[in-house]
Amino acid sequence: MRPTIELLLDLVRQGQQLANVELSLVRAELSERGSLVASRLAFLVVGLVLLLVGLGLIFVAAGLALTRLGVPLDVSFLILAVVVLAAGLLLVRAGVKGLKPSRVVPAKSISQISSLLGGLEP
């Protein structure tokens, strides 16, 4: 039979190892979530730029359409503007969806830590 002090020291060592493993898991999840946030921010920025370009094209098309009613060039500008706006809206939507707080928080680590702490409570 091992002495009580030796058992307590083993318990402390194992607790430290568990804490180190959990911290490395949190770091890995945060790193993974960070790359997700970066890509979603890129979608958001590109979408916003495309929206601005699309709005500019709509204004150009509307101006040309007012001066030249019935000219196919105006219609092509308008169609291009609508396509750019639609693509921009899709990218903005994808970026906003990816930036939800529930997708950024490391859920696995938090649930494991809370279950561990919940298991220690009397």
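Note on segment 1-48: dipole from Cβ charges, positive end direction compared against 38, 16, 26; the farthest Cα belongs to 38.
Protection proxy ranking of 26-34, 9-17, by the mean of other Cβ atoms within 10 Å over each peptide's residues and highest first, is 26-34, 9-17.
Read the figures in this text as sums done on the coordinates, not as results from a lab. Just so it is clear, the model here is predicted, and its values are computed rather than measured. Positions of Cβ are backbone-derived with ideal geometry, glycine not excepted, and every protein chain shown enters the neighbour counts.
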